[in-house]
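Heads up: the structure comes next, in structure tokens.
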Amino acid sequence: MSVTHEPRTGGPTLPQERRLVTEIPGPRSRELQQRRTAAVAAGVGSVLPVYVTAAGGGVVVDADGNSLIDLASGIAVTSVGNAAPEVVARVTEQVAAFTHTCFMVAPYEGYVEVCEQLIELTPGDHAKKAALFNSGAEAVENAVKVARVHTGRDAVVVVDHAYHGRTNLTMAMTAKNMPYKQGFGPFAGEVYRVPVSYPFRDGGLTGAEAAARAIDLVDKQVGATNVACIVVEPVLGEGGFIVPAPGYLPALAEYAAANGIVFVADEIQSGMCRTGAWFASEHEGVVPDLVTVAKGLAGGLPLAGVVGRAEMMDSVHPGGLGGTYGGNPVACAAALGAIATMRDLDLAARAREVETLLFGRLRELAAAFPAIGEVRGRGAMVAIEIVEPGTTVPDPAMAARLSAGCHQAGVLTLTCGTYGNVLRFLPPLVAPDHLLHEAMDVLAEVASI
Ligand code: PLZ
């Protein structure tokens with residue numbers, strides 16, 4: 001490993017290498033961590049307190065000059081890589097032209113173009129409209145608003161292990177109490193939770209059986225005619241990278257259509273090429289009524305959207321949707337750069353290559369390391385569920401040990417899951433193979449200790 005201190009330029013100019021020149025975190029990061037502890041509210045966490053000075057491709061470089069392999073993408077955001085050239089170019093041009101007018105005050109082309117692109121890229125060729133917001137949670141809130149106005153109904157149906165955000169309504173929609181909800185209630189009403197399909201944990205129910213179980217609950221406990229929308233992540237993210245059994249999502253979508261319920265796919269984490277398609281709904285041929293999108297959409301700038309059936313989106317009265325910053329011109333420029341990059345580099349295809357590579361390596365590891373109960377995921381949204389060997393009993397301590405071991409060795413991994421026992425891998429889609437292999441080598445080494 002070289003010991004040169006790289007210049008603080010991000011993007012593709014960064015050497016694509018794992019390079020440790022200090023312990024992790026190093027002295028400079030530890031200094032910054034002290035300042036942070038004094039100034040930043042304790043409720044805001046960080047997975048790994050290395051302070052970043054540059055990032056690009058598949059690496060994150062810290063203030064001590066360490067170069068870490070990035071298997072997090074800032075939680076599925078920098079799919080095109082950090083400081084991707086097309087994002088940098090368009091943002092730079094936009095920021096010099098104008099930074100904000102508020103789309104509700106005086107509009108601009110970038111917002112319209114992002115909506116046009118989202119209309120084209122989301123599943124289905126029916127008439128669609130879109131609206132832009134700042135964060136994933138805000139997009140989910142607005143999808144519910146649209147569904148409620150369109151149907152004249154109140155109830156929102158969500159599933160076990162769901163994650164939809166940290167605002168009041170989306171906390172209610174999120175399943176896991178700690179850390180997302182603890183002490184933050186009372187929560188928004190009219191949110192009902194039904195079982196998901198979780199093949200590793202539901203005793204081999206088929207997708208159709210799992211859907212029937214969920215639908216029965218809606219019918220008996222809520223009443224279909226009271227339901228405005230069913231909101232579901234096609235691949236569950238924070239809840240554990242759970243891929244519902246085939247047939248589950250289509251059955252829910254069919255039930256929604258048959259009962260005048262708006263079917264909302266929360267593709268905030270799974271969308272924008274992450275799972276090997278533009279949207280994860282496509283893997284099962286599901287055409288959602290509304291899709292929420294954020295994260296990978298804008299290469300790291302805050303931007304989110306709701307896209308869906310024109311008659312639903314247009315049911316809201318003029319002025320009923322908006323916000324000061326929603327669809328900010330700089331964020332829109334970034335999104336157009338990110339989308340262009342995804343098209344040019346065919347990053348959906350690249351995500352499928354990443355799936356093949358990671359599945360191959362992780363299945364090999366699972367054969368030697370019985371704590372890996374399951375290897376699962378889609379595209380570059382891959383995870384291992386850690387259990388007590390030979391059982392399905394979650395082992396969050398082992399997952400934490402593996403993740404911490406990777407961090408010490410310069411690989412930035414994340415955990416997730418309701419039981420905190422899932423180790424997830426979601427690299428930038430532009431990360432080169434050699435870094436992914438090296439990260440898997442590190443994981444195998446950590447597992448063997
Ligand atoms: N819906 C499916 O994955 C965000 C949150 C991490 P925001 N997931 C990462 C954390 O601890 O806050 C997410 C998601 C799905 C909605 C959201 C919310 O998106 O942009 O974080 O509001």
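The values are calculated or read from the model by the stated rules, or taken from the named source; none is laboratory data. Worth saying up front: this structure is predicted, and the values here are computed from it rather than measured. Please note: Cβ atoms are built from the backbone with ideal geometry, for glycine as well, and neighbour counts cover all protein chains shown. Surface accessibility is based on the protein's heavy atoms, side chains included, excluding ligands, DNA and RNA. Shrake-Rupley method; radii C 1.70, N 1.55, O 1.52, S 1.80 Å.
Tell me, please, whether a residue that is within 15 Å of the ligand (Cβ to nearest atom) and either within 16 Å of PHE279 (Cβ to Cβ) or in contact with a Phe, Trp or Tyr (Cβ under 7 Å, 6 or more places away or on another chain) (or both) can be found in segment 142-154.
yes
If you filter segment 156-188 down to residues that are of a type in the set (Gly, Ala, Ser) and within 26 Å of GLY326 (Cα to Cα), you find that the one that is farthest from the ligand (Cβ to nearest atom) is ALA188.
Mind listing just one residue for me: the one in segment 256-273 that is near the ligand (Cβ under 10 Å from one of its atoms) and either in a loop (DSSP other than H, G, I, E, B) or of a type in the set (Gly, Ala, Ser) (or both) and, of those, farthest from PRO302 (Cα to Cα)?
Looking only at segment 256-273, we keep the residues that are near the ligand (Cβ under 10 Å from one of its atoms), and these are 265-271.
Now narrow it down to the ones that are either in a loop (DSSP other than H, G, I, E, B) or of a type in the set (Gly, Ala, Ser) (or both): 265, 267-271.
On the way: ALA265: 20, GLU267: 16, ILE268: 12, GLN269: 14, SER270: 17, GLY271: 15 Å.
Top of the filtered list is ALA265.
Could you pull out the residue among GLY300, GLY276, GLY337, GLY296 that is more than 25 Å from LEU252 (Cα to Cα) and either over 17 Å from the mean Cα position of the chain (by Cα) or more than 14 Å from the ligand (Cβ to nearest atom) (or both)? Quick ask: steps written out before the conclusion?
Working: GLY300 fails: either over 17 Å from the mean Cα position of the chain (by Cα) or more than 14 Å from the ligand (Cβ to nearest atom) (or both); GLY276 fails: more than 25 Å from LEU252 (Cα to Cα); GLY296 fails: either over 17 Å from the mean Cα position of the chain (by Cα) or more than 14 Å from the ligand (Cβ to nearest atom) (or both).
Exactly one of GLY300, GLY276, GLY337, GLY296 is more than 25 Å from LEU252 (Cα to Cα) and either over 17 Å from the mean Cα position of the chain (by Cα) or more than 14 Å from the ligand (Cβ to nearest atom) (or both), namely GLY337.
Taking ALA251, is it surrounded by fewer than 24 Cβ atoms within 10 Å (Cβ to Cβ) and among the aliphatic types (A, V, I, L, M)? Yes; evaluated as a whole, the condition is true for this residue.
Residue-by-condition table, conditions (1) of a type in the set (Lys, Arg); (2) open to solvent by 50 Å² or more (accessible area, probe 1.4 Å):
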| site | (1), (2) |
| --- | --- |
| LEU121 | no, no |
| VAL149 | no, yes |
| VAL157 | no, no |
| ASN168 | no, yes |
| ALA172 | no, no |
| VAL196 | no, no |
| THR206 | no, yes |
| ASP216 | no, yes |
| LYS220 | yes, yes |
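Can VAL91 be described as within 16 Å of the ligand (Cβ to nearest atom), at pLDDT 95 or above, of a type in the set (Val, Ile, Thr) and in the same structural domain as ALA277 (by TED's automatic domain parsing)? In short, no. With respect to the stated conditions, VAL306 fails to be touching a Leu at 6+ places or on another chain (Cβ under 8 Å), of a type in the set (Val, Ile, Thr) and more than 13 Å from the ligand (Cβ to nearest atom).
When you go through GLY239, GLY276 one by one, which is the residue that is in a loop (DSSP other than H, G, I, E, B), under 24 Å from ALA340 (Cβ atoms) and either among the small types (Gly, Ala, Ser) or not assigned by TED's automatic domain parsing to the domain that holds TYR198 (or both)? Write out each step before concluding.
Values: GLY239 fails: under 24 Å from ALA340 (Cβ atoms).
When all the criteria are applied, what remains is GLY276.
Residues in segment 285-298 that are open to solvent by 10 Å² or more (accessible area, probe 1.4 Å) and farther than 18 Å from HIS126 by Cβ: LYS295 only. For segment 234-244, the tally of residues that are open to solvent by 10 Å² or more (accessible area, probe 1.4 Å) and either away from the ligand (no atom under 16 Å from the Cβ) or in contact with a Phe, Trp or Tyr (Cβ under 7 Å, 6 or more places away or on another chain) (or both) stands at 1.
How many of the residues making up segment 362-372 are in a helix (DSSP H, G or I) and open to solvent by 50 Å² or more (accessible area, probe 1.4 Å)?
If we filter segment 362-372 for residues that are in a helix (DSSP H, G or I), which is where we start, we get 362-368.
Filter once more, keeping what is open to solvent by 50 Å² or more (accessible area, probe 1.4 Å): 363-364, 367-368.
Of the residues in that region, 4 qualify.
For GLU6, the conditions (1) crowded, with 17+ Cβ neighbours inside 10 Å; (2) assigned to a loop (DSSP other than H, G, I, E, B); (3) modelled with pLDDT of 95 or more; (4) not aromatic (Phe, Trp, Tyr) are fulfilled apart from (3).
Being open to solvent by less than 80 Å² (accessible area, probe 1.4 Å) and not in a loop (DSSP other than H, G, I, E, B) is the filter here, so list the residues in segment 305-325 that pass it. Matches in segment 305-325: GLY305, VAL306, VAL307, GLY308, ARG309, ALA310, MET312, MET313.
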